1. Going from the alpha-carbon gyration tensor of the stretch 117-240, what semi-axes, largest first and in whole Å, does one get by taking the root of 5 times each eigenvalue?
2. Across the chain, where is the longest run that never hits GluC sites (Glu not before Pro) in a DSSP loop with at most 14 other C-beta atoms within 10 Å?
3. Would you list Cys289, Cys340 from fewest to most Cβ contacts within 10 Å?
4. Using a cut-off of under 18 Å, list every residue of the stretch 278-316 whose amide N is near the label point 7 Å from the Cα of Arg341 along the Cα-to-beta-carbon line.
5. Taking the alpha carbon gyration tensor of the chain, what are the square roots of 5 times its eigenvalues, largest first, to the nearest whole Å?
6. Given axes a ≥ b ≥ c from the Cα gyration tensor, I'd like to know whether the stretch 184-343 is rounded (a/c under 1.5), prolate (a/b larger than b/c) or oblate.
7. Arranged by the count of other C-beta atoms within 10 angstrom, fewest first, what order do Thr106, Thr135 take?
8. Taking every pair of alpha-carbon atoms in the stretch 222-290, what share in percent sits in each 5 Å bin, from 0 to the bin with the longest distance?
Amino acid sequence: MDRRHFHLKVIGATGTLAAGVYVSAVQPTGPTFPFEKTGKVVLSHGPSGSFDSTHAKYPCVLKVNDLWMMWYSGRTDDGFTGSIGLATSGDGRRWSKANEGGPVFTHGGPRTTDETKADHPAVVHFDGRFHMWYTAGPRDSQYRICYATSDDGYRWGRQNDGRPVLGPGEKGKFDDRVVLHPAVVRDTNGLLHMWYNGVGPQKEFHVGHATSSDGIEWQRQNGGDPVLSGGTIGRRNEIYVYNVMVLFEDGVYRMWYSSALNLTAQGRYAQHGSAIVYAESRDGTKWTCDDAITLLSGDEGEQDAYACFAPYVVRRDDGLWMYYSMGSAYQRYQTGLAKCRRQ
């Protein structure tokens, strides 16, 4: 990709705007990877009373042999209590919910770390097993990140005795209250990288970076400071950044992250208030972000009129496919699809 035609910004190790680079004499032509929405819901929420009756969001998609597998977050009628479901597909377009529409990984029992929800699955397949890091919600909503494994992607066992593998950071750090929303990749040396959201003294989400050799013991990078924070995208200020995913290709970490651009006084998204934006890195800590929005929440009446966020990108023969969370109204979320021509 010839970046002379793009206006990007560099995010330094502290997450702040460092400098404008790659500026051309021509006007910016758009995002590095231009996606187009298909307008289709590929995974809908379930009927009333089901575990995913209000939410079918946070997709995580892998191809294993000839089968496409999508783990996702479902929440029931209260819009709060959540478990993780699985859908499968032969072509990545038409999906069927597994386990007769029930969850494949449920939230825990009383006084467990994930008592109210198991959420936002990040699944990686290696050494013949599926490995999942997920947001664990206790009764007080002091979120942590936990870890489970599976031989088949359907039946899961909690690891580390169900205890968190990533908890809050040091006092005063950006993540000293809660950590949640993991995204995990494994590099060519077998090292695991996790990017996650943290909340601390500030109310807004920031993104942190940690690494691990075993999936249980994680070491925060960048001195425990965020690696991505809200900046300016196409002359619009980001209120916060959240729900990232990372695709590791040819030594490059390609991140698509969710961006909150415009909120109402009640803290909910206003029209065209949420977006997905691209960034890339060579080390997972220093990121270069597009100065153009990849996808923006839709117009009134569209399936993503309320929100467009939490992407998961896979490479196909015809380019990149993005599965993303779409909200038509507050507390009603489904999964949509956008495509990018070959790059």
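Values quoted throughout were computed directly from the atomic coordinates according to the rules given, and no laboratory measurement underlies them. Keep in mind that what you see is a predicted model, and the values were worked out from it rather than measured. Here the Cβ is made from the backbone with ideal geometry for all residues, glycine too, and neighbour counts use every protein chain on show.
1. So the equivalent ellipsoid measures 25, 17, 14 Å along its semi-axes.
2. 1-169
3. Listing Cys289, Cys340 from fewest to most nearby Cβ atoms yields Cys340, Cys289.
4. Under 18 Å, as judged by backbone N against the label point of Arg341, lie 294-295, 316 of the stretch 278-316.
5. Details: eigenvalues 156, 107, 85 Å².
One finds semi-axes of 28, 23, 21 Å for the chain.
6. oblate
7. Working: Thr106 16, Thr135 26.
Least to most surrounded, the residues fall as Thr106, Thr135.
8. Percent of pairs per bin, in order: 4, 16, 25, 23, 15, 10, 5, 1, 0.
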